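Notes follow the structure.
The values are calculated or read from the model by the stated rules, or taken from the named source; none is laboratory data. Here the structure is a predicted model, which is why all the values come from computation and not from measurement. Cβ atoms come from the backbone with ideal geometry, glycine included; neighbour counts cover every protein chain shown.
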Amino acid sequence: MYRHWFRVEWEGLDKIPMTGGALLVSNHAGAIPSDAPAIMHGIEEELGRPVYGMADYFFRKVPVVGTLWSRAGGVAAHPDNAYRLLHDQGQLSLVFPEGTKGPSKTYADRYRLRRFGRGGFVEIAMRSGVPVIPIAVVGAEESMPILFRINGLAKALKLPYFPVTANDLAFGPLLGKVAYFPAKIKIHVLDPVTFDVDPGLERYSKSRVMDEAERIRAMLQDTLHDMLRERRSVWFG
Amino acid sequence: MGRRVLITGLDTFWGGRMAQALEADPNVEMILGLGTDEPKVPLERTEFVRADQTYSILNRIVRATQVDTIVHTFLKTNSVGISSRVLHEINVIGTLNLLAAAGAPGTSVRQVVVKSSTHIYGASEKDPAWFREETGRNAPVRTRLERSLIEVEALVRDFIMDNPRLVVSVLRFAHVLGTDILTPISADLRRRLLPCIAGFDPLVQFVEEDDVVRSLEHVTRHRIPGTFNVAGAGKLPWSEVASIAGAFLFPLPPINPRSFASPFRLLGLIQFPVEMETLLRFGRGVDTSRLIETGFAYRYSSAGAVESLARANNLRRAVGDDEPAYRYEQDVEQFFQHSPAVVREIDG
C-alpha cells in the first residue's frame, strides 16, 4: 500500500530526530484518513523509529477498529499518555490537532486547515520539553474525498460524522469504505518548533499556547499551499 | 516490644497467607486473625477468632488485645456468587466498624492497612493508558462492587483526616493470579474457557499472589503511609492471556454481552462478573512506580503471573485437584498453642 499504491514521497525526513521525544503535528484528511498510517509506517520504514499515533478515544469503543489501531501503535489521545510517551520514554508521537474536524470536511474545503483544537498539543510539548515538528501531507484528501455528510445517520449511529465519499460511488457502499483512490502522497517535514519555556509546569500561559498553535497552523497552511502550487497531477504528483 | 497485628479475613487466601508471612517475622509478637470461617492454611502461632462479617465485636477485641496494626484484607473485590447486600455489608459496613474501632479514643492502633482493587478506576475509552494513584476515574459508576470500593476508600480518607497520627496504607491490587488463589479469571482459565467480547482485545494487568502477600508485608513492616497501585510490570492482550494459559476464547457479542452470557454463566461454563464487562472492552493499566520507589521489588511481571497460573493448572491437570493438606481442628490448635505440655523453643 505504502510503496505501490500511494507511492509516498518524503521531503525533509532528516529533520526528524533519531533519538529523544518529539511531537509530530500534521494535517488530517480523507473520510477514513490515510495520512496517519502513511506517516507512521513511513517513519518506521525509513528511520526505524516507532511512531505512536494519538487518536480520538472514540475509536476504542468500536469493535475491531480499536484493536487494530492499538496494535498498529495507536494510543488514545489523553494528555497523560502523550506526556508519558514524550517525556518519560522519549518517543515520537503523532497528533492531528484538527481532530475529527479535519477528516470530516468535504472535498470543497480540501487543504483548508480547521481550527487547531484548544492548543493542547502545544501545552503537552511545552510540559514535556520536546520540539513540535509540523508535517504537511498532500494526497490524503484525494484518496477518499467526502462529497457530503449525513448528520442524522451519524447521530443515530453515535459516530462523530457519517461521510458519503466518492469511493462509495465508485466501489459501492461497502468496498468504498476501505478502498482508497491511488492518489500520490507527498509528505513535507517542516523545521522543528521549540518553545523557550521551562518544562514540567502544571500550567502555561493560555495566550502563549494559543499564539504558538496558531503560528504552527499558519506554517502548515503555507507549506500546503506551496506544495499544491508545485503539484501537477493528483495521481502522479 | 514486638508488634501486635490483627488480620481480618483469616479464612481467605489474603488473610491466611499474610498471617503465615508475619509468623516468620520475629519482630511480630502476636498475630490475631478474624474470620467468618476456619482458616484454610496451617498456622503456627496465629490466634483465630470467629467473627461475623461486619466485625461488630471488633471494638472490644482491639481494646482487649491492644493491637498496634490492623491489616484489613477481608474485602470482596469481585461480585461472583454474592448478593449486592452482602457485598455492601462486608465491604462498607465491615470497614466502617473496623475504622471506628481503630480510631476509638485512646486507641493502641498505630497503623491500618487496607486492601483495595484497581476496579476503583473503572474502565472506559477515555482512560489514560496507565492510571496513577491520583488519577480520577472516567467511567460512570455502574456496578455495586465499584460503588462499594469507592465508599470504602472514602471512609479511609475521612479516617485519615480524623486521625492524622495514624499510618494508613491502601493497596490497590490488579487482578490476582497465581498457584492457589481462585478468582473469576483464574476459574475461567482453569476451565480453559475465557470469555471475551468479539472485536476487542484489551490490554490488562495482573499481579502474582506472592507479590500480593509481599507487598502487604512490605507496607506493614516499614509502616509506609499512602495509597499504592500494586500490579506486575507491563500489560498484555487478553488473547495472549488465553494462549499462555492454554484456554480457548469464548467470544460474546459486543452488544449486550451479559444477557448472551447468562445461560453459560448459569451452567457454570464461564464466570462473567458485571465489573468485567467494561474491562474486556477497554482494559486497564496502572502505574506502579510509587510503590517501587518505597523500595519494593516485584518478582513477577503481568505475563509472569499468567505463566505462574498456567504452570499450576498444568500440574492440576496431571495429578488432579490435590486434597487440602490441612484442616483446622479447634481442639488440636488449642492444644498446640496453649497447653503447658507443648515444649516451646522460642522464648523471650
All but one of (1) under 24 Å from B:Arg110 (Cβ atoms); (2) part of a helix (DSSP H, G or I); (3) not basic (Lys, Arg) hold for B:Tyr55; state the number of the condition that does not hold. (2)
Helices (runs of 4 or more DSSP H) wholly inside the range B:199-294 containing at least 2 residues that are closer than 23 Å to B:Ala123 by Cα and within 13 Å of chain A (Cβ to nearest Cβ): B:238-244, B:276-282
Could you run through the range A:42-89 and say how many residues are of a type in the set (A, V, I, L, M) and under 24 Å from B:Ala198 (Cα atoms)? 10
Looking at this structure, is B:Ala51 surrounded by 18 or more Cβ atoms within 10 Å (Cβ to Cβ) and out of contact with any helix residue (DSSP H, G or I) (no Cβ under 8 Å at 6 or more places or on another chain)? no
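Results for (1) at positive phi; (2) buried (at least 17 other Cβ atoms within 10 Å of the Cβ); (3) of a type outside the set (Gly, Ala, Ser); (4) free of Cβ contacts under 8 Å to residues at least 12 places away in the same chain, shown as yes or no for each residue.
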| position | (1), (2), (3), (4) |
| --- | --- |
| A:Leu68 | no, no, yes, yes |
| A:Ala77 | no, yes, no, no |
| A:Gly90 | yes, no, no, no |
| A:Phe96 | no, yes, yes, no |
Somewhere in the range A:136-150, is a residue in a helix (DSSP H, G or I), of a type in the set (Gly, Ala, Ser) and away from chain B (no Cβ under 14 Å)? yes
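With respect to B:Leu309, determine if the residue is out of contact with any Pro (no Cβ under 9 Å at 6 or more places or on another chain), within 30 Å of B:Met30 (Cα to Cα), at pLDDT 80 or above and assigned to a helix (DSSP H, G or I).
The answer is no for B:Leu309.
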Of the residues that make up the range A:215-222, is at least one at pLDDT 80 or above, out of contact with any helix residue (DSSP H, G or I) (no Cβ under 8 Å at 6 or more places or on another chain), surrounded by 15 or more Cβ atoms within 10 Å (Cβ to Cβ) and assigned to a strand (DSSP E or B)? no
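Quick grid of which residues meet (1) over 22 Å from A:Gly66 (Cβ atoms); (2) in contact with a Cys (Cβ under 8 Å, 6 or more places away or on another chain); (3) not aromatic (Phe, Trp, Tyr):
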position	(1), (2), (3)
A:Val95	no, no, yes
A:Asp109	yes, no, yes
A:Gly117	no, no, yes
A:Ala125	yes, no, yes
A:Ser128	yes, no, yes
A:Val132	yes, no, yes
A:Leu147	yes, no, yes
A:Asp168	yes, no, yes
A:Tyr204	yes, no, no
Checking the structure you have, find out if any residue of the range B:170-185 is closer than 18 Å to B:Leu236 by Cβ and among the charged types (D, E, K, R). no
Can you find a residue in the range A:15-25 that is modelled with pLDDT of 85 or more and part of a helix (DSSP H, G or I)? yes
Looking at B:Arg144, is it more than 14 Å from chain A (Cβ to nearest Cβ) and under 26 Å from A:His78 (Cβ atoms)? no
Which pairs have Cβ atoms under 8 Å, sit 6 or more apart or on different chains, and link a residue in the range B:119-132 that is more than 8 Å from chain A (Cβ to nearest Cβ) and touching a residue at least 24 places away in the same chain (Cβ under 8 Å) to one that is surrounded by fewer than 21 Cβ atoms within 10 Å (Cβ to Cβ) and of a type in the set (S, T, N, Q)? B:Tyr121/B:Thr135; B:Gly122/B:Asn138; B:Ser124/B:Asn138
Kindly indicate whether any position in the range B:109-118 is within 12 Å of chain A (Cβ to nearest Cβ), among the hydrophobic types (A, V, I, L, M, F, W, C) and touching a helix residue (DSSP H, G or I) at 6+ places or on another chain (Cβ under 6 Å). no
Of the conditions (1) in a helix (DSSP H, G or I); (2) within 14 Å of chain A (Cβ to nearest Cβ), the single one that B:Ile90 does not satisfy is (2)
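Go through the range B:174-195 and give me each residue that's assigned to a loop (DSSP other than H, G, I, E, B) and among the hydrophobic types (A, V, I, L, M, F, W, C).
First pass over the range B:174-195, keeping only residues assigned to a loop (DSSP other than H, G, I, E, B): B:174, B:178-183, B:191-192.
If the condition is that a residue be assigned to a loop (DSSP other than H, G, I, E, B) and among the hydrophobic types (A, V, I, L, M, F, W, C), then B:Ala174, B:Ile181, B:Leu182 are the ones that fit.
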Taking the range B:26-41 and keeping residues more than 19 Å from B:Val109 (Cα to Cα) and surrounded by 14 or more Cβ atoms within 10 Å (Cβ to Cβ) leaves B:Gly35, B:Thr36, B:Glu38, B:Pro39, B:Lys40, B:Val41
How many residues are more than 14 Å from A:Gly120 (Cα to Cα) and hydroxyl-bearing (Ser, Thr, Tyr) if we restrict to the range A:187-229? 2
